[in-house]
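In what follows, a single structure is set out as structure tokens and then discussed.
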Amino acid sequence: MSRRTLAATALLVAGFAVVACAPSAGPVGATASRMATPPATEAAAPAPRPTWTPSEFDAALSAELIEMLAQDQADRLAGDGEGTDEERTERLREIIVAHGWPTYSLVGEEAEDAAWAIAQHSDHDPDFQREAREWLLIAVENDDASPGNLAYLTDRIAVGAGEPQTYGTQIGCAEDGPEPSTPIADEAAVDERRAEVGLPPLADYYAELETVCAAE
């Protein structure tokens, strides 16, 4: 399966709910906000700055990420996947801390897609999504990750924050068919931006989604 086919599949399975995926405040978050700030000596170490270095292929990590995506998709298709979004997010966080973004050179294209999909579905933790995007950006700049995946995650973060999206990747189904979850910034130039990251014209993307919306 190509990177773009997988990207479209992951979006179609879970992306239409994007407008309902924004994280909500809950008791845990409220409690955490009232906790006293720990002494400086107990403060957590700052997150490492995003970097990129060429990596040797890690077959075990590649297989783990692909299995994590299989669980993610099983959850969305049948509700019977092992683990939760929160657990997969935390594991991806650990992987990024240990290795940086799971790049083509480290895990291969399929597993890089898997890492992206897990980050894409981490709507409950927008701070992590933003951190993951910074690592992914560095990898893309070094031709070691998918520009299209970066575009999808960039839009997902924007939509989660209620902001205009850049590439028009986050689309929901309205009564009249596909509709952007938030407005597309400078829509007249969106196809140029999509082409730069290897995505098809927006009209072609809409045509592909028409069938999905019609089936709902």
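The values are calculated or read from the model by the stated rules, or taken from the named source; none is laboratory data. The shown structure was predicted, so the numbers you read here are calculated from the model rather than taken from an experiment. Positions of Cβ are generated from backbone atoms using ideal geometry, with glycine treated the same way; all protein chains shown enter the neighbour counts. In case anyone asks, the SASA skips ligands and DNA or RNA and just uses the protein heavy atoms, side chains included. Shrake-Rupley method; radii C 1.70, N 1.55, O 1.52, S 1.80 Å.
A cut-off under 14 angstrom between Cβ atoms defines the neighbours of Trp135, and their net charge, with Lys, Arg +1 and Asp, Glu -1, is -3. 3J(HN,Hα) along the range 146-163, derived from phi through the Karplus expression 6.51 cos²θ - 1.76 cosθ + 1.60 where θ = phi - 60°, amounts to 7, x, x, 4, 4, 5, 4, 5, 4, 5, 4, 5, 4, 5, x, 8, x, 10 Hz, with x in place of Gly and Pro. Protection proxy ranking for 157-165, 70-78, using the average of other Cβ atoms within 10 Å per residue and placing the highest first: 157-165, 70-78. For the range 42-163, the calculated P(r), taken from all Cα-Cα distances in 10 Å bins from zero up to the bin holding the longest distance, is 14, 47, 33, 6, 0 percent. Distant-in-sequence amide contacts of Ile171, defined by a placed amide H-H separation under 5 Å and a gap of 5 or more residues or a different chain, comprise Ser181. Stretching the chain fully between Glu134 and Ala215 yields a gain of 25.6 nm (0.36 nm per residue, less the alpha carbon separation).
Surface composition of the range 57-216: carbon and sulfur make up 50 percent of the accessible area, probe 1.4 Å.
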